[in-house]
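The values are calculated or read from the model by the stated rules, or taken from the named source; none is laboratory data. Just so it is clear, the model here is predicted, and its values are computed rather than measured. Don't worry about glycine lacking a Cβ; one is built from the backbone with ideal geometry, like all the others, and counts go over all protein chains shown. Areas reflect the complete protein model, heavy atoms only, side chains present, ligands, DNA and RNA absent. Shrake-Rupley method; radii C 1.70, N 1.55, O 1.52, S 1.80 Å.
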Amino acid sequence: MACSVVRSSLLRGSTIRHYAAAATAQVSVHATAPECQVLSNKVTVATQDSNSPIAQVSIVFRAGSRNETYDTQGVTHTLRIAAGLSTSCSSGFAITRNIQQLGGNLTAIVDRESIAYTLQITRNNLSEALQFLEHVATKQVFKPWEVSDQLPRMEYELASIPDTTLILELLHKAAFRSGLGYSLFSPKHQLGKIGSETLQHFVSTWFTGPKCAVVGTGVPLSELTALANNLEIGTEDRAVEPSRYGGGELRKESASELTTVAVAVEGVNLKNEKDALACAVLQRACGTGTRVKWGQDVGPLYKQVSSNAGSEPFGLSTFNASYSDSGLFGFILCSSPNTAESLTSAACEWLKSLKLSDSDIARGKAILKAEVLSQADSGFAVLESLQYQALFKGQVSGPASLIANIEKVSASDVKSVGQKLVSGSLSMAAIGDLKTVPYLDQLK
């Protein structure tokens, strides 16, 4: 049984996962067109049957850390950790033993707007294992003694968060304060305070049919439809309070020998697909690191900042996080403390202008298309794409459709989105040795 911390779609930003599966036989894979339908219980079902020997099925709910309140911060972190504990139908031991005996893998992955329970298993064992996926996702009981037993694991995770992850958590908190600002990780003052009643109330409130999707790859639609029709979940569609971008600054000093700074403006949301694609192109046109091993970033942001670095090494990349009602667009910089001031100022100066040539934008489009086609070869990336489309759009399409939409994005579209971004207020987060890091008011 495994739990992942965060996931992110292609338009939300890049993420790294390690996934391994063994097939019992070699089967030729012929991808079919994705299928989708909404059932009478308002659950959305989507699949792409590729005839792969490995089947993947996810039960996904549109409920993440943004659905928490101030007093319930950390509930989704606890939910992720609690995946695989006893349910009303199976003990934790029975779930673990049966999944392992069938050669499967069951994971829980959380982000700010969703939580997914995913089963990966060979097709011949799928029907027998699906019952345990259903139990884990919809029949939780959260026995108090089992929940309290997970406290050491939560403490370990909080102590092990790398600066590159923590900086984004701080940036979201500074930018949104609540809603999207609530972290994927439990605040330390909340440890031990999230009990069974809180967890059960969150599940009963947000794990409902209109907020649920059953998604699969290597599985026929009929099998997923049967699973979705049998889910015992509510039918209420409770509205989520929109997150308002406020802008702000959070700094966390530590004994680190490095300085990590993230600066962003309010980005675009996923409701406007054209602007979301233009922003994704913009990110790659600006620069997301080297594309060739031992190579050098050729993005305009890196070029401007490197002139201020001298011989000092540094790392720099833009990021783009788009959500259902808002987003963030900016850069993350890691450098020595002595050069942090000049590099941060140079990067912010560029962020407030976002000047791009047509050749930069053409390169950004080519990179984005290459990433889409590359991820189309990854079974888990395809599953993840179907999850987000089913949850937030209610319909699904393949990579060919996305490529066609990227082709329609013009240089003027990208520049127009860039102009909207630069007019927004800045948000900033910094971690490490902050002796030279400028404050937000010094960057405006």
Computed FRET value (nearest 0.05) for Ser345 with Ser410, which takes r as the C-beta separation and R₀ as 30 Å: 0.40
Charge dipole (debye, nearest 20) of the chain; +1 at Cβ of Lys and Arg, -1 at Cβ of Asp and Glu: 480
Length-normalised contact order for the chain - Cα pairs under 8 Å, 6+ apart - percent: 22
Cα-centre dipole for region 248-442 with unit charges at Cβ (Lys and Arg positive, Asp and Glu negative), debye to 20: 460
Long pairs among Lys303/Lys393; Lys303/Lys420; Lys173/Lys274, criterion Cα-Cα beyond 30 Å: Lys303/Lys393
Solvent-accessible area per residue for region 248-442 (1.4 angstrom probe, square angstrom): 43
For the chain, built as a Gaussian network whose Cα springs stay under 10 Å, the top-fluctuating residue of Val43, Val417, Val136: Val417
Options Ala285, Val240, Gly330, ranked by Cα towards positive dipole end of the chain, top entry (Cβ charges): Ala285
Lys303/Glu146 FRET efficiency (R0 56 Å; Cβ-Cβ; nearest 0.05): 0.55
C-alpha center-to-center spacing [region 290-369, region 417-438] in angstrom: 12
Percent accessible area from carbon and sulfur atoms, the chain, protein chains only, probe 1.4 Å: 50
Protection-proxy order for peptides 297-306, 403-412, 196-205, 122-131, each taking the mean of Cβ atoms within 10 Å per residue, highest first: 297-306, 122-131, 196-205, 403-412
Diffusion coefficient, µm² s⁻¹, Stokes-Einstein with Kirkwood Rh over alpha-carbon pairs of the chain at 4 °C and 1.567 mPa s: 57
Among Asp71, Asp163, Asp413: highest mean-square fluctuation, GNM of the chain, C-alpha pairs under 10 Å: Asp71
Region 249-324: GluC sites (Glu not before Pro) in DSSP loop, at most 11 other beta carbons within 10 Å: Glu257
Of Gly295, Gly192, Gly92, the one that fluctuates the most in a GNM where the chain has Cα springs shorter than 10 Å: Gly295
Which of Asn405, Met428, Cys348, positive extreme of dipole for region 248-442 (C-beta unit charges): Asn405
Efficiency of FRET between Val240 and Trp294 - r from beta-carbon atoms, R0 56 angstrom, step 0.05: 0.80
Cα-based convex hull volume of region 35-230 per residue, rounded to whole Å³: 129
Residue among Pro53, Ile115, Gly92 farthest towards the positive dipole end of region 24-146, charges placed on Cβ: Gly92
The chain: angle of helix 411-422 to the longest principal axis, Cα-based, in degrees nearest 10: 80
Share, in percent, of DSSP beta bridges within region 35-230 that are antiparallel, nearest 5: 85
Separation between Cα centres of region 234-276 and region 147-179, rounded to whole Å: 14
C-alpha long axis of helix 126-138 to longest principal axis of the chain, angle in °: 70
